[in-house]
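Since the structure comes first, as structure tokens, the remarks are kept for the end.
Just so it is clear, none of the values below were taken in a lab; they were calculated from the coordinates. Just so you know, these numbers come straight off a predicted model, no measurement behind them. As a convention, Cβ positions derive from the backbone with ideal geometry for all residues, glycine included, and neighbour counts pool all protein chains shown.
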Amino acid sequence: MSVKCRILNGICRLVYSSEYRRFMAVKDIGREQEKYLSELLCKNKDTLYGRKYHFEDIHSYKDFAEMLPLTKYEDFEPFINMICMGEKAVLTAEDVILMELTSGSSGGRKMIPYTPSLKREFGRGIMPWLCDIYTNVKSVDSGKSYWSITPLTQGKSFTECGIPIGFEEDSEYFGKAVQHIMNALFAVDSSVKFSSDTDSFYLDTAAQLLRCRELSLISVWSPSFLTILCGYIRDNAEMLSENLPKEKREEFLCSAENDRFDKIFPKLKIISCWTDGSSAGQAEDIKKMFPGVYIQPKGLIATECFVSFPIVGEEGSRLSVRSHFFEFKSLADGKIYTANNLQKGEYEVIVTTGGGFYRYCIGDIIRVLEVYPDAPPRIRYLRRNAISSDMFGEKLTEDFLRGVLKKLGAENKFCLLAPEGNFYRLYTECRNISADMLDNALCESYHYNYCRQLGQLQAAQVCIVSGEPHKAYIKKLADDGMRIGDIKPCLLTCRSGWESYFERKL
């Protein structure tokens, strides 16, 4: 089988290598970006949005920045509603082929229009990343891969005019030709997406992974998804061992009991997952479960756009300058910079894409680690910008809450602060936090304290949880319609109704 895997992976690498060479050949970032922007505006000048903002009169970046406003999702929502109803040439001249849902861990979901151009733009980031992995990670090309697949437990859905909602699996980003080859290299086939419920999904996925003798690459989004999958294997090891050869069962049971998944999957070479921001703690758990396996941080990839990808041996990730047009708002001076004018520092990412989002503030904060005269800059994702909850004007932010939890000694424990009517409840594993301690700490925020004084907010509560709170967290969001593999850890949410999902500590 390894010979077949090497041949098929070799074909894929050959396909990826052309885009890798194009990326590495970019020496003049400004020229590359200006070319993309000019072609995009010309192509979409006769759309509803293009006519509204006079795309035909834009002849430079200066014109573009002066004539188009910075935007958020709410600015595009009326246009997206029109697309969902069947209107053509609204944001893009191309037809929308599907709507993808954002992860929405901290708030409501959003529908992002995908066009053929946007899928190709994602490919311009994915292909050089994979080419680099298959070139520089030893023996990864001799095995199979596991890519995140989301179960369709709620069924396939469509917009009013029949546009599909949601990718069914990550391989759809690759295009049909490469996807066909990759299907033969997947350790888990797409049948698991038809699992009747979440437990069946984990059972089907675990069983197929354990049958794969040559698993060499795992690519998931959230590390918590992988820790929960491994936890399922550990907790159901006796049942799962029945599908293994007798001579392998005792070793498997011992490895599962001790969370040594590197021994369960001995040929695994690399795990790709989020490791930055709120995912850092879960990524550390992955390292403990898979000692010796290369854990590669994913670049910055949002539902709306592909921002960056990692290079083996480098810290951070490279800006995917061939994917979209990028702008960056400096947190130091508030000014907007293009990709070729960046300096070291912190910025909010702004993108213009082939999916029809123009000067879109994606809400992600990055740090520029290094700039080069003839190569794309190296960046690192830091955090979301101003994740907040504001029922009565209290203006709580995740950054503020992170500081509160650190003071209370809970920064390394599961914590989730959620609104419940006219008060907030903290779900946490930390047993040393009382309701008074939490409320007093939150009152260090002027706006929260003011709302407490006015009686708009009642005192915060604390719910000590046990069991597997990360799993309960994912189940709640999955029940709300989110893709399991996309769910991001967060400390603050605008969603309520969590109490029935967590197991209370007695």
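Here are some notes:
- Potential extension, Asp235-Glu39 segment - 0.36 nm per residue separation minus Cα distance: 65.2 nm
- All aspartates and glutamates inside 18 Å of Lys335 as judged from Cα atoms, apart from same-chain residues fewer than 8 positions distant: Asp63, Glu66, Glu327, Glu346, Glu348, Asp364
- For the range 28-70, the tally of Lys pairs with Cα-Cα distances below 16 Å comes to 4, considering only residues 8 or more apart or on different chains.
- Ranked by how many other Cβ atoms sit within 10 Å of their own Cβ, fewest first, the residues Glu250, Glu242, Glu34, Glu348 fall in the order Glu242, Glu250, Glu34, Glu348.
- Residues with amide H under 5 Å from that of Thr159, placed H, sequence gap 5 or more: Ile165
- Placing a label point 7 Å from the Cα of Arg431 along the Cα-to-Cβ direction, the residues of the range 465-482 with a backbone N closer than 17 Å are 465-469.
- Partners for Lys119 among aspartates and glutamates (Cα-Cα distance below 15 Å; same-chain residues under 8 apart left out): Glu19, Glu94, Asp95, Glu100, Glu168, Glu169, Asp170, Glu172, Glu304
- Going by neighbour counts of Cβ atoms within 10 Å, the residues Cys42, Cys443, Cys12 line up, fewest first, as Cys42, Cys443, Cys12.
- In this calculation the C-beta distance from Glu77 to Lys263 is compared with R0 = 56 Å, giving a FRET efficiency of 0.70.
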